[in-house]
Amino acid sequence: MQKIAVLTSGGDAPGMNAAIRAVVRTGLYHGLEVFGVERGFSGLVNGSKMKPFNLGSVAGIIHRGGTILHTARSPEFCEQAAQEKAARRLLDAGITGLVVIGGGGSFYGAQALQDQGIKVVGVPATIDHDIPGTDSSIGFDTAVNTILDAITRLRDTATSHERIFIVEVMGRESGFIALAAGIAGGAEAIIVPEVEADLEKICRRLLEGIARKKTHSLILVAEGAASAYDVGETVHQLTDLETKVTVLGHVQRGGAPSAVDRLLGSRMGAAAVELLRRDSSGLMTALRDGGIVAVPLAKSFISGRVFPKDLYELSQILAR
Ligand code: F6P
(Lines give C-alpha, C1' and ligand atoms only; values in the text may rest on other atoms or scores of the structure.)
Protein backbone atom coordinates (compact mmCIF):
# COMPACT_ATOMS: atom_id res chain seq x y z
CA MET A 1 0.00 0.00 0.00
CA GLN A 2 1.46 3.34 -1.09
CA LYS A 3 -1.34 5.85 -0.64
CA ILE A 4 -3.81 6.18 2.21
CA ALA A 5 -6.45 8.75 3.10
CA VAL A 6 -8.06 9.95 6.31
CA LEU A 7 -11.45 11.54 6.93
CA THR A 8 -13.54 12.61 9.91
CA SER A 9 -17.25 11.84 9.94
CA GLY A 10 -20.35 12.44 12.10
CA GLY A 11 -20.31 14.84 15.05
CA ASP A 12 -16.93 16.42 15.71
CA ALA A 13 -15.10 15.44 18.92
CA PRO A 14 -12.15 17.08 20.67
CA GLY A 15 -9.07 15.00 19.94
CA MET A 16 -9.96 14.29 16.28
CA ASN A 17 -7.11 16.59 15.23
CA ALA A 18 -4.65 14.62 17.34
CA ALA A 19 -5.80 11.46 15.54
CA ILE A 20 -5.47 13.10 12.08
CA ARG A 21 -1.98 14.29 13.00
CA ALA A 22 -0.99 10.80 14.14
CA VAL A 23 -2.31 9.19 10.94
CA VAL A 24 -0.41 11.68 8.79
CA ARG A 25 2.88 11.58 10.66
CA THR A 26 2.88 7.80 11.15
CA GLY A 27 2.05 7.31 7.47
CA LEU A 28 4.81 9.69 6.33
CA TYR A 29 7.25 8.05 8.74
CA HIS A 30 6.65 4.77 6.94
CA GLY A 31 7.02 6.34 3.49
CA LEU A 32 3.32 6.39 2.59
CA GLU A 33 1.54 9.23 0.83
CA VAL A 34 -1.28 10.50 3.04
CA PHE A 35 -4.34 12.45 1.81
CA GLY A 36 -6.97 14.26 3.85
CA VAL A 37 -10.55 14.05 2.58
CA GLU A 38 -12.61 17.09 3.53
CA ARG A 39 -16.24 16.87 4.82
CA GLY A 40 -16.39 13.17 5.56
CA PHE A 41 -18.18 10.69 3.32
CA SER A 42 -20.30 13.37 1.71
CA GLY A 43 -17.12 15.23 0.73
CA LEU A 44 -15.76 12.03 -0.74
CA VAL A 45 -18.88 11.53 -2.84
CA ASN A 46 -19.44 15.16 -3.78
CA GLY A 47 -15.91 15.99 -4.88
CA SER A 48 -14.50 17.89 -1.86
CA LYS A 49 -10.75 18.32 -1.81
CA MET A 50 -8.42 15.37 -1.14
CA LYS A 51 -5.40 17.26 0.19
CA PRO A 52 -1.97 15.67 0.03
CA PHE A 53 -0.52 16.05 3.54
CA ASN A 54 3.06 16.76 4.57
CA LEU A 55 4.56 17.01 8.05
CA GLY A 56 3.77 20.73 8.23
CA SER A 57 0.11 20.25 7.21
CA VAL A 58 -0.69 18.93 10.66
CA ALA A 59 1.58 21.25 12.68
CA GLY A 60 -0.11 23.28 15.40
CA ILE A 61 -3.36 21.30 15.51
CA ILE A 62 -2.99 18.87 18.41
CA HIS A 63 -4.39 21.39 20.90
CA ARG A 64 -7.33 22.46 18.75
CA GLY A 65 -10.90 21.22 19.15
CA GLY A 66 -13.06 20.27 16.15
CA THR A 67 -11.50 18.79 13.04
CA ILE A 68 -9.30 20.51 10.46
CA LEU A 69 -10.82 18.21 7.82
CA HIS A 70 -14.38 19.36 8.61
CA THR A 71 -17.06 16.76 9.06
CA ALA A 72 -20.58 15.98 7.97
CA ARG A 73 -23.45 13.66 8.63
CA SER A 74 -23.99 11.77 5.38
CA PRO A 75 -27.31 9.88 5.27
CA GLU A 76 -26.91 9.57 1.47
CA PHE A 77 -23.94 7.28 2.08
CA CYS A 78 -26.34 4.46 3.03
CA GLU A 79 -27.02 4.10 -0.68
CA GLN A 80 -24.87 1.75 -2.71
CA ALA A 81 -24.53 4.23 -5.58
CA ALA A 82 -22.84 6.71 -3.22
CA GLN A 83 -20.56 4.02 -1.81
CA GLU A 84 -19.50 2.95 -5.32
CA LYS A 85 -18.84 6.56 -6.33
CA ALA A 86 -16.70 7.14 -3.22
CA ALA A 87 -14.68 3.96 -3.74
CA ARG A 88 -14.13 4.83 -7.40
CA ARG A 89 -12.85 8.27 -6.46
CA LEU A 90 -10.32 6.80 -4.04
CA LEU A 91 -9.19 4.04 -6.38
CA ASP A 92 -8.84 6.46 -9.32
CA ALA A 93 -6.45 8.48 -7.12
CA GLY A 94 -4.50 5.29 -6.32
CA ILE A 95 -5.68 5.33 -2.69
CA THR A 96 -6.34 1.85 -1.36
CA GLY A 97 -6.47 2.42 2.41
CA LEU A 98 -8.74 4.73 4.42
CA VAL A 99 -8.82 5.72 8.10
CA VAL A 100 -12.28 6.81 9.22
CA ILE A 101 -12.35 8.83 12.43
CA GLY A 102 -15.89 8.97 13.82
CA GLY A 103 -18.69 7.13 15.59
CA GLY A 104 -20.75 3.98 15.00
CA GLY A 105 -22.77 5.44 12.12
CA SER A 106 -19.57 6.42 10.33
CA PHE A 107 -18.21 2.91 10.72
CA TYR A 108 -21.29 1.51 9.03
CA GLY A 109 -20.28 3.64 6.03
CA ALA A 110 -16.67 2.49 6.35
CA GLN A 111 -17.70 -1.14 6.30
CA ALA A 112 -19.65 -0.48 3.10
CA LEU A 113 -16.53 0.98 1.49
CA GLN A 114 -14.62 -2.16 2.36
CA ASP A 115 -17.17 -4.11 0.33
CA GLN A 116 -16.18 -1.84 -2.59
CA GLY A 117 -12.52 -2.87 -2.38
CA ILE A 118 -11.05 -0.23 -0.04
CA LYS A 119 -9.13 -1.29 3.07
CA VAL A 120 -10.68 0.56 6.01
CA VAL A 121 -9.81 1.06 9.66
CA GLY A 122 -12.02 2.99 12.09
CA VAL A 123 -10.85 5.22 14.94
CA PRO A 124 -13.65 5.73 17.52
CA ALA A 125 -14.30 9.41 18.15
CA THR A 126 -17.52 10.67 19.70
CA ILE A 127 -18.29 12.56 22.86
CA ASP A 128 -21.21 10.14 23.44
CA HIS A 129 -18.94 7.25 24.46
CA ASP A 130 -21.56 4.87 23.07
CA ILE A 131 -19.34 2.69 20.85
CA PRO A 132 -19.11 -0.92 22.02
CA GLY A 133 -15.82 -2.81 21.90
CA THR A 134 -13.63 0.00 23.24
CA ASP A 135 -13.16 1.25 26.79
CA SER A 136 -13.30 4.83 25.59
CA SER A 137 -13.69 7.00 22.54
CA ILE A 138 -11.91 10.21 21.59
CA GLY A 139 -13.71 13.32 22.84
CA PHE A 140 -15.59 11.85 25.80
CA ASP A 141 -13.08 12.92 28.43
CA THR A 142 -12.96 16.51 27.17
CA ALA A 143 -16.76 16.76 26.97
CA VAL A 144 -17.16 15.49 30.53
CA ASN A 145 -14.58 18.01 31.73
CA THR A 146 -16.40 20.79 29.89
CA ILE A 147 -19.62 19.80 31.63
CA LEU A 148 -17.84 19.71 34.99
CA ASP A 149 -16.63 23.25 34.39
CA ALA A 150 -20.20 24.34 33.64
CA ILE A 151 -21.57 22.52 36.69
CA THR A 152 -19.02 24.20 38.94
CA ARG A 153 -20.14 27.60 37.68
CA LEU A 154 -23.81 26.72 38.03
CA ARG A 155 -23.29 25.54 41.60
CA ASP A 156 -21.99 28.99 42.60
CA THR A 157 -25.14 30.72 41.47
CA ALA A 158 -27.39 27.84 42.61
CA THR A 159 -25.96 28.08 46.14
CA SER A 160 -26.27 31.86 46.23
CA HIS A 161 -29.97 31.72 45.35
CA GLU A 162 -30.70 28.34 46.99
CA ARG A 163 -32.15 27.02 43.77
CA ILE A 164 -32.50 23.71 41.97
CA PHE A 165 -30.72 23.50 38.64
CA ILE A 166 -31.65 21.04 35.92
CA VAL A 167 -28.80 20.61 33.41
CA GLU A 168 -29.36 18.81 30.11
CA VAL A 169 -26.35 17.14 28.53
CA MET A 170 -25.82 15.39 25.19
CA GLY A 171 -25.36 11.67 24.57
CA ARG A 172 -27.93 10.97 21.87
CA GLU A 173 -29.81 7.81 23.03
CA SER A 174 -27.25 7.01 25.73
CA GLY A 175 -26.58 8.20 29.26
CA PHE A 176 -22.80 7.69 29.47
CA ILE A 177 -22.00 11.41 29.47
CA ALA A 178 -24.68 12.19 32.07
CA LEU A 179 -23.56 9.35 34.31
CA ALA A 180 -19.85 10.26 34.24
CA ALA A 181 -20.40 14.01 34.62
CA GLY A 182 -23.08 13.43 37.25
CA ILE A 183 -20.86 11.28 39.45
CA ALA A 184 -17.76 13.45 38.95
CA GLY A 185 -19.79 16.63 39.47
CA GLY A 186 -21.59 15.38 42.57
CA ALA A 187 -25.07 15.79 41.08
CA GLU A 188 -28.01 15.20 43.41
CA ALA A 189 -29.78 13.17 40.70
CA ILE A 190 -28.89 11.74 37.30
CA ILE A 191 -31.54 10.90 34.71
CA VAL A 192 -30.48 8.57 31.89
CA PRO A 193 -32.40 6.75 29.13
CA GLU A 194 -31.15 3.35 30.29
CA VAL A 195 -32.97 3.54 33.65
CA GLU A 196 -36.53 4.70 34.19
CA ALA A 197 -36.54 7.85 36.29
CA ASP A 198 -38.66 8.07 39.43
CA LEU A 199 -39.23 11.82 39.70
CA GLU A 200 -41.29 11.52 42.89
CA LYS A 201 -38.40 9.75 44.60
CA ILE A 202 -35.95 12.35 43.27
CA CYS A 203 -38.16 15.14 44.65
CA ARG A 204 -38.45 13.42 48.05
CA ARG A 205 -34.64 13.32 48.17
CA LEU A 206 -34.37 16.98 47.20
CA LEU A 207 -36.75 17.94 50.02
CA GLU A 208 -34.82 15.78 52.50
CA GLY A 209 -31.64 17.57 51.41
CA ILE A 210 -33.24 20.95 51.99
CA ALA A 211 -34.40 19.78 55.43
CA ARG A 212 -30.71 18.99 56.12
CA LYS A 213 -29.93 22.63 55.20
CA LYS A 214 -28.69 21.90 51.69
CA THR A 215 -28.46 25.18 49.82
CA HIS A 216 -28.71 23.91 46.26
CA SER A 217 -29.33 20.83 44.15
CA LEU A 218 -28.33 19.83 40.68
CA ILE A 219 -30.11 17.32 38.47
CA LEU A 220 -28.29 16.08 35.37
CA VAL A 221 -30.54 14.93 32.51
CA ALA A 222 -29.30 13.06 29.44
CA GLU A 223 -30.94 14.45 26.28
CA GLY A 224 -32.07 10.93 25.33
CA ALA A 225 -34.00 10.52 28.60
CA ALA A 226 -36.10 13.66 28.87
CA SER A 227 -36.22 17.37 28.21
CA ALA A 228 -34.69 19.33 31.07
CA TYR A 229 -37.58 21.81 30.72
CA ASP A 230 -40.14 19.04 31.33
CA VAL A 231 -38.14 17.75 34.30
CA GLY A 232 -37.87 21.27 35.72
CA GLU A 233 -41.62 21.80 35.41
CA THR A 234 -42.46 18.48 37.08
CA VAL A 235 -39.98 19.06 39.91
CA HIS A 236 -41.48 22.51 40.47
CA GLN A 237 -44.99 21.09 40.57
CA LEU A 238 -44.06 18.29 42.98
CA THR A 239 -41.95 20.40 45.37
CA ASP A 240 -43.10 23.97 44.86
CA LEU A 241 -39.39 24.87 44.66
CA GLU A 242 -37.90 27.24 42.11
CA THR A 243 -36.12 25.40 39.29
CA LYS A 244 -33.73 26.76 36.64
CA VAL A 245 -32.89 24.94 33.42
CA THR A 246 -29.62 24.97 31.45
CA VAL A 247 -29.25 23.08 28.19
CA LEU A 248 -25.51 22.86 27.54
CA GLY A 249 -25.86 21.90 23.87
CA HIS A 250 -22.93 22.14 21.47
CA VAL A 251 -20.70 23.86 24.03
CA GLN A 252 -19.97 20.26 25.07
CA ARG A 253 -18.46 19.42 21.67
CA GLY A 254 -15.97 22.28 21.44
CA GLY A 255 -12.83 23.39 23.20
CA ALA A 256 -9.25 22.25 23.48
CA PRO A 257 -8.96 18.48 23.89
CA SER A 258 -7.84 17.16 27.28
CA ALA A 259 -4.50 15.39 27.66
CA VAL A 260 -6.42 12.09 27.77
CA ASP A 261 -8.05 12.76 24.38
CA ARG A 262 -4.83 14.02 22.78
CA LEU A 263 -3.06 10.85 23.88
CA LEU A 264 -5.90 8.58 22.83
CA GLY A 265 -6.13 10.30 19.44
CA SER A 266 -2.38 10.02 18.93
CA ARG A 267 -2.23 6.36 19.92
CA MET A 268 -5.27 5.30 17.92
CA GLY A 269 -4.34 7.30 14.81
CA ALA A 270 -0.91 5.67 14.75
CA ALA A 271 -2.37 2.21 15.40
CA ALA A 272 -4.80 2.64 12.49
CA VAL A 273 -1.92 3.24 10.07
CA GLU A 274 -0.02 0.23 11.42
CA LEU A 275 -3.10 -1.91 10.73
CA LEU A 276 -3.37 -0.65 7.15
CA ARG A 277 0.34 -1.27 6.61
CA ARG A 278 -0.29 -4.91 7.56
CA ASP A 279 -3.06 -4.98 4.94
CA SER A 280 -5.68 -5.41 7.66
CA SER A 281 -9.17 -4.08 7.03
CA GLY A 282 -12.63 -4.00 8.61
CA LEU A 283 -11.16 -3.21 12.02
CA MET A 284 -11.54 -0.51 14.64
CA THR A 285 -8.79 0.60 17.00
CA ALA A 286 -9.95 0.10 20.58
CA LEU A 287 -8.75 0.91 24.07
CA ARG A 288 -8.75 -2.25 26.17
CA ASP A 289 -7.21 -2.42 29.64
CA GLY A 290 -4.93 0.51 28.86
CA GLY A 291 -3.62 -0.88 25.55
CA ILE A 292 -4.66 -0.23 21.95
CA VAL A 293 -5.99 -3.31 20.19
CA ALA A 294 -7.97 -4.00 17.00
CA VAL A 295 -11.58 -5.23 17.08
CA PRO A 296 -14.00 -5.95 14.22
CA LEU A 297 -15.47 -2.73 12.86
CA ALA A 298 -18.93 -4.32 12.75
CA LYS A 299 -18.87 -4.62 16.56
CA SER A 300 -19.30 -0.85 16.70
CA PHE A 301 -22.73 -0.73 15.08
CA ILE A 302 -24.28 -4.19 15.42
CA SER A 303 -25.15 -3.78 19.10
CA GLY A 304 -25.21 -1.02 21.67
CA ARG A 305 -22.65 -0.35 24.39
CA VAL A 306 -23.54 -2.00 27.70
CA PHE A 307 -24.59 0.55 30.30
CA PRO A 308 -22.54 0.21 33.51
CA LYS A 309 -25.29 -0.59 36.01
CA ASP A 310 -22.73 -0.80 38.86
CA LEU A 311 -21.67 2.80 38.20
CA TYR A 312 -25.30 3.86 38.10
CA GLU A 313 -25.93 2.16 41.45
CA LEU A 314 -22.92 3.96 42.87
CA SER A 315 -24.37 7.24 41.65
CA GLN A 316 -27.58 6.46 43.55
CA ILE A 317 -25.66 5.89 46.77
CA LEU A 318 -23.53 9.02 46.39
CA ALA A 319 -26.17 11.42 45.04
CA ARG A 320 -27.92 12.81 48.12
O1 F6P B 1 -23.00 12.33 18.52
C2 F6P B 1 -22.56 13.51 19.12
C3 F6P B 1 -23.71 14.44 19.36
O4 F6P B 1 -23.20 15.62 19.93
C5 F6P B 1 -24.86 13.89 20.21
O6 F6P B 1 -24.57 13.91 21.58
C7 F6P B 1 -25.98 14.79 19.82
O8 F6P B 1 -27.24 14.18 20.05
C9 F6P B 1 -25.72 15.00 18.35
O10 F6P B 1 -24.35 14.77 18.14
C11 F6P B 1 -26.07 16.36 17.82
O12 F6P B 1 -25.85 16.32 16.46
P13 F6P B 1 -25.78 17.61 15.53
O14 F6P B 1 -24.54 18.37 15.89
O15 F6P B 1 -25.72 17.06 14.16
O16 F6P B 1 -27.00 18.40 15.84
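The values are calculated or read from the model by the stated rules, or taken from the named source; none is laboratory data. On a predicted model such as this, the values are computed, not experimentally measured, just so you know. Note that we place each Cβ from the backbone using ideal geometry, even for glycine, and neighbour counts take in every protein chain shown. Just the protein is used for accessible areas: all its heavy atoms, side chains included, with ligands, DNA and RNA removed. Shrake-Rupley method; radii C 1.70, N 1.55, O 1.52, S 1.80 Å.
If you check Val100, Val45, Val37 for being within 16 Å of the ligand (Cβ to nearest atom) and assigned by TED's automatic domain parsing to the domain that holds Ala286, only one passes: Val100.
If you take the residues in the range 144-167 that are within 16 Å of the ligand (Cβ to nearest atom) and either open to solvent by 10 Å² or more (accessible area, probe 1.4 Å) or in the same structural domain as Leu283 (by TED's automatic domain parsing) (or both), which one is nearest to Arg288 (Cα to Cα)? So, considering only residues that are within 16 Å of the ligand (Cβ to nearest atom) and either open to solvent by 10 Å² or more (accessible area, probe 1.4 Å) or in the same structural domain as Leu283 (by TED's automatic domain parsing) (or both), the one nearest to Arg288 (Cα to Cα) is Val144.
Figure legend. Inter-residue proximity from the range 144-173: first residues in a strand (DSSP E or B), second residues within 15 Å of the ligand (Cβ to nearest atom) and open to solvent by 10 Å² or more (accessible area, probe 1.4 Å), beta-carbon distance below 6 Å, spacing 6+ or different chains. Indicated pairs: Glu168/Glu223; Glu168/Val247; Val169/Leu248. In this structure, does Leu55 turn out to be open to solvent by less than 10 Å² (accessible area, probe 1.4 Å), more than 16 Å from the ligand (Cβ to nearest atom) and assigned by TED's automatic domain parsing to the domain that holds Gly269? It is false that Leu55 is open to solvent by less than 10 Å² (accessible area, probe 1.4 Å), more than 16 Å from the ligand (Cβ to nearest atom) and assigned by TED's automatic domain parsing to the domain that holds Gly269. Checking every residue in the range 169-186 against the condition of being within 16 Å of the ligand (Cβ to nearest atom), acidic (Asp, Glu) and under 30 Å from Pro296 (Cα atoms) gives at least one match. Take Ile95 and tell me if it is at pLDDT 95 or above, part of a loop (DSSP other than H, G, I, E, B), away from the ligand (no atom under 16 Å from the Cβ) and under 20 Å from Thr71 (Cβ atoms). Spelling it out, Ile95 is indeed at pLDDT 95 or above, part of a loop (DSSP other than H, G, I, E, B), away from the ligand (no atom under 16 Å from the Cβ) and under 20 Å from Thr71 (Cβ atoms). Is there a residue being out of contact with any strand residue (DSSP E or B) (no Cβ under 8 Å at 6 or more places or on another chain), closer than 21 Å to Leu314 by Cα, part of a loop (DSSP other than H, G, I, E, B) and free of Cβ contacts under 8 Å to residues at least 40 places away in the same chain anywhere in the range 174-187? No, there is no match, as no residue in the range 174-187 is out of contact with any strand residue (DSSP E or B) (no Cβ under 8 Å at 6 or more places or on another chain), closer than 21 Å to Leu314 by Cα, part of a loop (DSSP other than H, G, I, E, B) and free of Cβ contacts under 8 Å to residues at least 40 places away in the same chain. At least 3 residues being in contact (Cβ under 8 Å) with a residue 60 or more places away in the chain is the threshold, and among the strands (runs of 3 or more DSSP E) wholly inside the range 194-293 those reaching it are 243-247, 283-288.
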